[in-house]
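Report on the following structure.
The values are calculated or read from the model by the stated rules, or taken from the named source; none is laboratory data. Because the structure is a prediction, the values reported are computed rather than measured. Here Cβ is always computed from backbone atoms with ideal geometry, including for glycine, and neighbour counts include all displayed protein chains.
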Amino acid sequence: MPLDSQLFRQTMGSFVTGVAIVTARDARGLLRGMTASSVAALSLEPPMVLVCVGHEAEIHDALARTPSFGLAVLAKGQEDLAVRFATRGMQHFADLDVAVTPGGLPRIPGAIAHVECRRDAVYAAGDHSIVTGLVEWAETDAGAPLCYFRSRYTELAR
């Protein structure tokens, strides 16, 4: 019997995730971003990551076709950026002052980590695509992560 999609969403929402902004250039060369919680390390040798993006997401085609993409792991207190880049029509950098990675992708101020990847493969998976990338550059900074749990942004308790 098929599982109800709402029950599946609630169940998977019990898994605490970090929050990242995935970034890429679109066909016109404009920087785009999307809030993502389906991000994972895929391999240590070679260093690889994966990100899942819905077929209907504004950034989907850019991410599936770009030669490179980035990830910025958000810090505690950056909920405003998470909400912005989860909102259709706001997933751009036109009005934000950001530095760039060696490959020209956004470095979001205050983020606790940045990764720049060469896109490797794109796999169709249900209503999403799984995009894999070979990590070519990374940096970390101090700070606590922004977390997502049961459809809410939260922090780690200490």
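Just the residues that are assigned to a loop (DSSP other than H, G, I, E, B), within 9 Å of residue 76 (Cα to Cα) and more than 16 Å from the chain's Cα centre (by Cα), please, taken from the range 137-155. Quick ask: steps written out before the conclusion?
Taking the range 137-155 and keeping what is assigned to a loop (DSSP other than H, G, I, E, B), we get 141-144, 146, 150-151, 155.
Filter once more, keeping what is within 9 Å of residue 76 (Cα to Cα): 143-144, 146, 155.
If the condition is that a residue be assigned to a loop (DSSP other than H, G, I, E, B), within 9 Å of residue 76 (Cα to Cα) and more than 16 Å from the chain's Cα centre (by Cα), then 143, 144, 155 are the ones that fit.
State whether one or more residues within the range 106-119 are more than 14 Å from residue 20 (Cβ to Cβ) and acidic (Asp, Glu).
There is no residue in the range 106-119 that is more than 14 Å from residue 20 (Cβ to Cβ) and acidic (Asp, Glu).
If we keep just the residues of the range 86-99 that are of a type in the set (A, V, I, L, M, F, W, C), touching a Lys or Arg at 6+ places or on another chain (Cβ under 7 Å) and within 13 Å of residue 32 (Cα to Cα), which is surrounded by the fewest Cβ atoms within 10 Å (Cβ to Cβ)?
Filtering first and then ranking leaves 90.
Could you please give the count of residues in the range 114-136 that are within 17 Å of residue 60 (Cβ to Cβ) and either in a strand (DSSP E or B) or in contact with a helix residue (DSSP H, G or I) (Cβ under 7 Å, 6 or more places away or on another chain) (or both)?
14
I need every pair where a residue in the range 56-79 that is within 21 Å of residue 26 (Cα to Cα) and surrounded by 23 or more Cβ atoms within 10 Å (Cβ to Cβ) has its Cβ under 6 Å from the Cβ of a residue that is at pLDDT 95 or above and among the aromatic types (Phe, Trp, Tyr), sequence separation at least 6 or different chains.
Once the first residue is within 21 Å of residue 26 (Cα to Cα) and surrounded by 23 or more Cβ atoms within 10 Å (Cβ to Cβ) and sits in the range 56-79, its partners that are at pLDDT 95 or above and among the aromatic types (Phe, Trp, Tyr) give 63/69.
Name the single residue that is farthest from residue 103 (Cα to Cα) among those in the range 27-41 being touching a residue at least 40 places away in the same chain (Cβ under 8 Å) and more than 12 Å from the chain's Cα centre (by Cα).
Among those residues, the one meeting the criterion is 30.
Could you check the range 42-81 and list, in sequence order, the residues that are of a type in the set (Lys, Arg) and either in contact with a helix residue (DSSP H, G or I) (Cβ under 9 Å, 6 or more places away or on another chain) or over 22 Å from residue 96 (Cα atoms) (or both)?
From the range 42-81, those of a type in the set (Lys, Arg) are 65, 76; that's our starting set.
Listed by number, the list holds a single entry, 65.
Considering 5, 14, 37, 43, which residue is at pLDDT 95 or above, on the phi < 0 side of the Ramachandran plot and small (Gly, Ala, Ser)? Break it down into steps so the answer makes sense when it comes.
Values: 5 fails: at pLDDT 95 or above; 14 fails: at pLDDT 95 or above; 37 fails: at pLDDT 95 or above.
Exactly one residue qualifies, and that residue is 43.
On the phi < 0 side of the Ramachandran plot, out of contact with any Cys (no Cβ under 8 Å at 6 or more places or on another chain), modelled with pLDDT of 95 or more and part of a loop (DSSP other than H, G, I, E, B): does that describe residue 111?
Values: on the phi < 0 side of the Ramachandran plot: yes; out of contact with any Cys (no Cβ under 8 Å at 6 or more places or on another chain): yes; modelled with pLDDT of 95 or more: yes; part of a loop (DSSP other than H, G, I, E, B): yes.
Here the answer is yes, as residue 111 does meet what is asked.
Please state which one of 86, 94 is closer than 20 Å to residue 17 by Cα, in contact (Cβ under 8 Å) with a residue 24 or more places away in the chain and out of contact with any helix residue (DSSP H, G or I) (no Cβ under 6 Å at 6 or more places or on another chain). Walk me through how you get there before you give the answer.
Working: 94 fails: closer than 20 Å to residue 17 by Cα.
Criteria check complete, one pass: 86.
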